[in-house]
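Participant: The structure is given below, and queries will be raised subsequently.
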Protein chains: 2
Amino acid sequence: MNIYDIAELAGVSIATVSRVVNDSPLVSEKTKARVRKVMEENNYVPNVFARGLGLGTMKTIGIVCPDVSDAYMAKAVAYLEKNFREYGYDSILQCSGREYEDMRAAVANILNKKIDALFLIGSCYSVEGGDTPAADYVREAAKQVPVFVINGSISGDNIYCALCDDRETTCQAVRELIREGRRNILFLHHSDTYSARQKRSGYLAALAEAGIPENDNLLFHARDDIESVKQDLLAQCPTEVDGIFATNDRLAVGALKFAREAGIRVPEELSIIGYDNSELAICCQPELTSIDSMCETLCRICLDNMLRLLRGRKAEPLTYTKGALLRRGTTRF
Amino acid sequence: MNIYDIAELAGVSIATVSRVVNDSPLVSEKTKARVRKVMEENNYVPNVFARGLGLGTMKTIGIVCPDVSDAYMAKAVAYLEKNFREYGYDSILQCSGREYEDMRAAVANILNKKIDALFLIGSCYSVEGGDTPAADYVREAAKQVPVFVINGSISGDNIYCALCDDRETTCQAVRELIREGRRNILFLHHSDTYSARQKRSGYLAALAEAGIPENDNLLFHARDDIESVKQDLLAQCPTEVDGIFATNDRLAVGALKFAREAGIRVPEELSIIGYDNSELAICCQPELTSIDSMCETLCRICLDNMLRLLRGRKAEPLTYTKGALLRRGTTRF
DNA sequence: ACACTTTCTGTAAGTGCTTACATCGACAAT
DNA sequence: ATTGTCGATGTAAGCACTTACAGAAAGTGT
């Protein structure tokens, strides 16, 4: 059942059918109605490929993220997908893993699909100064199609980023720990992404403000699963630590488990703050004080930028939001 | 840069270029090499739409799930997407929500994309006897393209399901609770999906085996977020309860929080078992005994079935796995 | 040297749609 | 009656590929 069949059945030309499909004002309401009826009766659906060939676009948006099974990314993907569809776009998804080459391949592959826009999720696509190899292929991609980065920052033409001001947000959170009287605050991180570095920078700034000297022993690198974090801390956590700022909730939960095992009371002797406000935070005991990193807000910003762009208007290349500190049981404030 | 340009530059016809792209044995190695070189130099990529038009397929697989931000589904999507790509397929994703009409629309929409196979994730697509309205459109879809259902069961031609034998798995778990000496075991559930009914059936079977009479007060319906579950249980949990079987980990964690708030010791006075073995399970204290519902195993089965089918061989319409009980701190066994 | 394969390459006809341009009828203005 | 205008429809040329079929080149056997 193709456009010719419909044209024949409706007694019009294929051009008219095509116009009806696209709801062109060039067709009279009368013929529109007639053609539509024939289409419904034969449940005709235009062939996407032919359509794409003619139009050069298929109304799809590509999403690339390192790993959808990560809660933050899953939330973002879910939100984006839902909203895209409301505007008539479908999404094609590609999980790239975290290796440079795989990410590059993922982006290259998804570009071949003639997408109308590319969304990247996660700070692993970020670039500090703006000139690491990882950013190159994104800039390359941006030559073909607008690129939107959620929770990451890449400078360049046709690249639009929305991110949480992790530095400032972290700084404020650490300030609160200091106000509680904590002096030996551990910075617990896993990877060395842009986002992690921003957080570290905010952490150091808060210490500096309070006149607390830096201490390299307090920059603690751990593996990224709950059990390993616990083990790593049990093995080498400096004894004087009275506060832990973790770059994500999983690490924070690991820290909490470490405290329990080490017999350290939380929050009496040790305060813990997580990041991302995932479901893990309200799952543990005491519930974890965490930072809402505004996943959906960032998605919304990128989405709005995209719509603006598609309507021929200007979009904002870089937007910051601030995270919100959610006070719960692992801190005293 | 299209096939004509490459043909001209390489001094061959477009047919030859096309054959090189498709690695046809009809082209001599010599010309293949020459054409490939030209393609690389100009980084030529065949147009997907034209390709799709000619071939009638674009090597993409559709995935429909109610909600990717659910941990189980996210895990499945991640696994599938990764594996599809290994076999040269891309994935297009659609989150359907849990409403019947939305699910129907999602499936209809994704079918228009000329996908090569359709994957459905989640038991909300399931059908007990095989004849609820929800199954109709899936059967309709199966006329166009093979359908694979992960953790759900729909009978029909060209539909291939893989699911965890929730009934038997639940039955075994409840048996263990009984062996522990529990007599008043609460069945804590949220929705009324096929999967939930299977679990209930297993629960009842275990009770029957042990000669424990059914008690409707012990079939407890709660809302599906941690805080609400806790509230619901605080409000109306029968006092004699000494065991809780929850249909997912979130509910189980809610139950754990309830116990803590009600001053009931776990596992001394109350045992709790969850389902899905999500990260939540190892996050709480004591860690949650849970059932691994074999997400990736089920995905693997469907994937294998698909590959078999694409190679023209027969696939298994219905495969069961058994879940694995992971004993942790919320039970005494 | 000839016929006959075999191997490789080219020609051209799809594939189903969009859209610039042409056409046609109706109606208004002259 | 004649020209002009405008709205509705049709014609045909893309769009970038695949592939059946034709044909040329090369190799084989006699």
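Participant: Averaged over peptide A:244-253, how many Cβ atoms belonging to another chain are found within 10 Å of each residue's Cβ?
Facilitator: 1
Participant: Using a simple charge model, +1 on the beta-carbon of Lys and Arg, -1 on the beta-carbon of Asp and Glu, nothing else, what dipole does the protein assembly as shown show about its Cα centre, in debye to the nearest 20?
Facilitator: 1560 debye
Participant: Let me ask you something else. Relative to the longest principal axis of chain B, what angle (0 to 90°, nearest 10) does the C-alpha long axis of helix B:166-179 take?
Facilitator: The angle comes out near 30 degrees.
Participant: Oh, and also: With a sphere of radius 14 Å drawn around the Cβ of B:Asp102, what net charge do the other residues whose Cβ falls strictly inside it have (Lys, Arg +1; Asp, Glu -1)?
Facilitator: Taking every Cβ under 14 Å from that of B:Asp102, the sum is -1.
Participant: Assume the label is 7 Å from Cα along Cα to beta carbon: what separations in nm does B:Met1 have to the matching positions in the other copies?
Facilitator: Those label-point separations list as 4.1 nm.
Participant: Once you have a ≥ b ≥ c as the square roots of the Cα gyration tensor eigenvalues for the protein assembly as shown, tell me rounded if a/c is under 1.5, and otherwise prolate or oblate according to whether a/b is larger than b/c.
Facilitator: Judged from the Cα gyration tensor, the protein assembly as shown comes out oblate (a/c at least 1.5, b/c at or above a/b).
Participant: Nothing charged except the Cβ atoms of Lys and Arg (+1) and of Asp and Glu (-1): what's the magnitude of the dipole of chain B about its Cα centre? Round to the nearest 20 debye.
Facilitator: About 1220 debye.
Participant: Let me ask something else about it. Can you give the mean number of other chain Cβ atoms that lie within 10 Å of the Cβ atoms in peptide B:83-93?
Facilitator: Mean shielding count: 3.
Participant: So for the protein assembly as shown: antiparallel DSSP bridges make up what percent, rounded to the nearest 5?
Facilitator: 10 percent
Participant: If you don't mind, another one. Angle between the Cα long axis of helix A:226-236 and the longest principal axis of chain A, 0 to 90 degrees, nearest 10?
Facilitator: The helix A:226-236 is inclined about 30 degrees to chain A.
Participant: So what's the back-of-envelope 222 nm ellipticity for the protein assembly as shown, counting only DSSP H runs of four-plus at -39500 (n - 2.57) apiece and dividing by all residues, rounded to 500?
Facilitator: After summing the helix terms and dividing by the residues of the protein assembly as shown, the value is -13500 deg cm²/dmol.
Participant: Subtracting the Cα-Cα distance from 0.36 nm times the residue separation, let me have the gained length for A:Glu268 to A:Phe333 in nm, one decimal.
Facilitator: Net length gain for the segment: 22.3 nm.
Participant: If you take the charge dipole of segment B:3-46 about its Cα centre, with +1 on Lys and Arg Cβ and -1 on Asp and Glu Cβ, which of B:Gly11, B:Met39, B:Leu26 is farthest toward its positive end?
Facilitator: Positive-end residue among those listed: B:Leu26.
Participant: B:Asp225 label points, 7 Å along Cα→Cβ, one per copy: pairwise distances from this copy to the rest in nm, shortest first?
Facilitator: 2.9
Participant: Roughly what % of DSSP beta bridges within chain B run antiparallel, to the nearest 5?
Facilitator: Within chain B, antiparallel bridges account for around 10 percent of the total.
Participant: Ok, one more. Rank by packing, highest mean first: peptides A:4-12, B:172-180, B:254-262, B:309-317, with packing defined as the count of other Cβ atoms within 10 Å averaged across residues.
Facilitator: The densest-packed peptide leads the list: B:254-262, B:172-180, A:4-12, B:309-317.
Participant: Next up: What nm value, rounded to one decimal, do you get for the distance between B:Ala33 and A:Asp136 when each label is placed 7 Å out toward the C-beta?
Facilitator: Rounded to a tenth, the inter-label distance reads 2.8 nm.
Participant: With labels modelled as points extended 7 Å from the Cα through the Cβ direction, what inter-label distance (nm, one decimal) is found for B:Asn215 paired with A:Leu219?
Facilitator: With each label placed 7 Å out from Cα toward Cβ, I get 5.9 nm.
Participant: What is the calculated FRET efficiency for A:Lys59 to B:Asp192, with r their C-beta to C-beta distance and R₀ = 56 Å, to the nearest 0.05?
Facilitator: 0.95
Participant: What's the local net charge at B:Glu29, with K and R +1, D and E -1, over the other residues with C-beta under 12 Å away?
Facilitator: That sum, taken over residues with Cβ under 12 Å, equals +3.
Participant: How many nanometers, to one decimal and shortest first, lie between the label point of A:Leu307 and those of its other copies, if labels sit 7 Å from Cα toward Cβ?
Facilitator: 4.3
Participant: Between B:Arg183 and A:Glu86, what FRET efficiency follows from the Cβ-Cβ distance if R0 is 60 Å, with the result rounded to 0.05?
Facilitator: 0.70
Participant: Now for a different question. If you average the alpha carbon positions of segment B:32-65 and of segment B:218-239, how far apart do those two centres end up, in angstrom?
Facilitator: Each part reduced to its Cα centre gives a spacing of 54 Å.
Participant: Over what distance in Å are the Cα centres of segment A:157-206 and segment A:260-283 separated?
Facilitator: Cα centroid of segment A:157-206 versus Cα centroid of segment A:260-283: 17 Å apart.
Participant: Right, another one. Obtain the nm distance between the two label points defined at B:Glu240 and A:Glu168 by a simple spin-label model: each point lies 7 Å from its Cα along the Cα-to-C-beta direction.
Facilitator: 6.0 nm
Since every read-out is calculated from the coordinates, none of them should be taken as a lab result. Quick caveat, the model's predicted, so the values are computed rather than measured. No Cβ is skipped: glycine too gets one built from the backbone with ideal geometry, and neighbour counts run over all protein chains shown.
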